[in-house]
C-alpha cells in the first residue's frame with residue numbers, strides 16, 4: 001500500500017459494498033490524469049473490392065438456357081432441393097444475384113427450360 005500513490009478502495013461485489021465510493025474515486029483520478037491526444041496518419045488508403053468474375057454465365061441451348069458459374073455452383077451445392085423451403089430460398093438467391101433479369105435480357109420467356117447443372121427448372125414470369 002505504501003508503493004501505490006493512488007487511493008485504495010476496498011469493495012465487495014457480492015454485497016455491493018463501497019461500489020459508489022470506488023466509482024467516485026475513479027472519476028476523480030480520471031480528472032487528474034493527463035489527456036491523451038490521438039494522432040492519425042495523414043495518408044488514408046481506400047480499397048474497393050471489384051469482383052471481375054461473373055457469378056453466373058448464361059448460355060442459349062436448343063431446349064432453352066443453361067446457367068453455369070463458380071458462385072452459382074456454390075449456391076447450388078448448398079441447397080437442399082428435397083424441401084420446398086430450400087427451393088424457395090434458392091429462387092430468392094438467384095433473383096438476388098440478378099439471374100431473372102439476365103435471363104429476360106437473354107430472351108427467356110415464360111415456360112422456357114433453364115438447366116442449372118444437373119437440374120431443369122421452368123422459367124416463370
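The values are calculated or read from the model by the stated rules, or taken from the named source; none is laboratory data. Small disclaimer: the values here were computed from a predicted structure and weren't measured. Don't worry about glycine lacking a Cβ; one is built from the backbone with ideal geometry, like all the others, and counts go over all protein chains shown.
Each row is one residue, and each column tells you yes or no for (1) part of a loop (DSSP other than H, G, I, E, B); (2) surrounded by 10 or more Cβ atoms within 10 Å (Cβ to Cβ).
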position: 21; (1), (2): no, yes
position: 31; (1), (2): no, no
position: 35; (1), (2): yes, no
position: 39; (1), (2): yes, no
position: 50; (1), (2): yes, no
position: 59; (1), (2): no, yes
position: 67; (1), (2): no, yes
position: 76; (1), (2): no, yes
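Pull out all pairs, ordered by first then second residue, where Cβ-Cβ is under 7 Å, the residues are six or more apart or on different chains, the first lies in region 1-21 and is within 19 Å of residue 32 (Cα to Cα), and the second is loosely packed, with under 10 Cβ neighbours inside 10 Å. From region 1-21, the pairs are 8/1. Only one of the numbered conditions (1) under 15 Å from residue 118 (Cβ atoms); (2) modelled with pLDDT under 90; (3) surrounded by 14 or more Cβ atoms within 10 Å (Cβ to Cβ) is not met by residue 55, and that is (1). Among the residues of region 46-55, is there at least one that is closer than 30 Å to residue 107 by Cβ and touching a helix residue (DSSP H, G or I) at 6+ places or on another chain (Cβ under 6 Å)? For region 46-55, residues closer than 30 Å to residue 107 by Cβ and touching a helix residue (DSSP H, G or I) at 6+ places or on another chain (Cβ under 6 Å): present.
So in region 78-109, with the set limited to residues that are surrounded by 15 or more Cβ atoms within 10 Å (Cβ to Cβ) and outside any helix (DSSP H, G or I), which one is nearest to the chain's Cα centre (by Cα)? Per the criteria, the residue is 79. Considering region 47-77 alone, what residues qualify as being under 24 Å from the mean Cα position of the chain (by Cα), in the same structural domain as residue 118 (by TED's automatic domain parsing) and without any contact (Cβ under 8 Å) to a residue 12 or more places away in the chain? Passing the criteria: 74, 77.
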